[in-house]
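Taking it in order: structure first as C-alpha cells, then the write-up.
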Amino acid sequence: MSDVIFSRRQVADSELPLYRGVSMGEITVVDNPDKARSVRAILLAEAVVGFDTESKPTFRKGEISTGPHLVQLAVERQVYLFPVGCEATHAVLKDVLESRDVIKAGFGLGNDRSALKSRMGIELNNLLDLGEILRGPGHRGTVGAKVAVAHYFGEILLKSKKIGTSNWASRHLDERQMLYAANDAHVALKVYHAWLLDASRKGAISMHSANAQDHS
C-alpha cells in the first residue's frame, strides 16, 4: 500500500460505506484494582496495542487542561477504558505504557507523552504515531484516523464533535462516550496491522520503535 493520498475534503465528499467499529460487548471499563490486575497480563502479552486518550476540553482563555481523563488500550477483540480518576489502576497503566516490549499505536499523540508524565508520572515508551508515518507527499500535516480508514478500508469513520468535546472527567461515561473512545483506540490497531502488511514498511516500524525508545 502506498503513502496515504486521500485528503480530508475528499473523504468528506465521498460516498463510501460506514465503518463499523466495536460494540459495547467488546468494551471493558477498568475501574477497580481487580479488573486492572486481570487485564495487565493480557496487555503485556501483546506486541502492539491501539492507544488513545481523552481529556475534558478547556473553554476559557488561559485555562489549563487537567487531562488526560481517560486512557484507552485496544487488543484485537477487546478495548479497555481506564478512567484516570481511578488511582487504583495507575500502576497497571504505568506497567503497560512504560513497557519497551509493547508498541502503543495511535493517531495524534503529540501531547500524550508530556500529559501522561505530568498527570500520572508515566514515561511513555515505544510510541508509534500513525498520523506521522502514514503521511504521503500530498499531506502537509499528519494523517487522521478518518483519512486512514478511507485509504485502507474504503469506509467512512464517523466521529461526533459533540461527543469528542464532552466531559471525559465524568465518573460515569455514557454509552456514546464509551463507543467513541473505544473506537479511537481500536481503529488505530486495525490501521496499524493494515499498514504493516506493506512489506516495504517493515523496516520503518523497527526504526520508529527504536527511536521512540531512545527518546523516551
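Taking 7 Å along the Cα-to-C-beta vector as the label spot, tell me the Asp198-Arg37 distance in nanometres, rounded to one decimal.
Label at Asp198, label at Arg37, 4.4 nm between them.
Quickly rank 182-192, 37-47 as a protection proxy: mean count of other C-beta atoms within 10 Å, highest first.
Sorting 182-192, 37-47 by mean packing, highest first, produces 182-192, 37-47.
Can you tell me the FRET efficiency between Asp101 and Arg135 if r is taken as the Cβ-Cβ distance and R0 is 35 Å, rounded to the nearest 0.05?
Computed FRET efficiency for Asp101 and Arg135 comes out at 0.85.
Can you tell me what share of the DSSP beta bridges in the range 15-133 is antiparallel? A percent to the nearest 5 is fine.
Antiparallel bridges: around 55 percent, rounded to the nearest 5.
Bear in mind these aren't lab numbers, they're just calculated from the coordinates by the rules spelled out. These numbers were taken from a predicted model, which means no experiment stands behind them. Cβ sites come from the backbone with ideal geometry, for glycine too, and all protein chains shown count toward neighbours.
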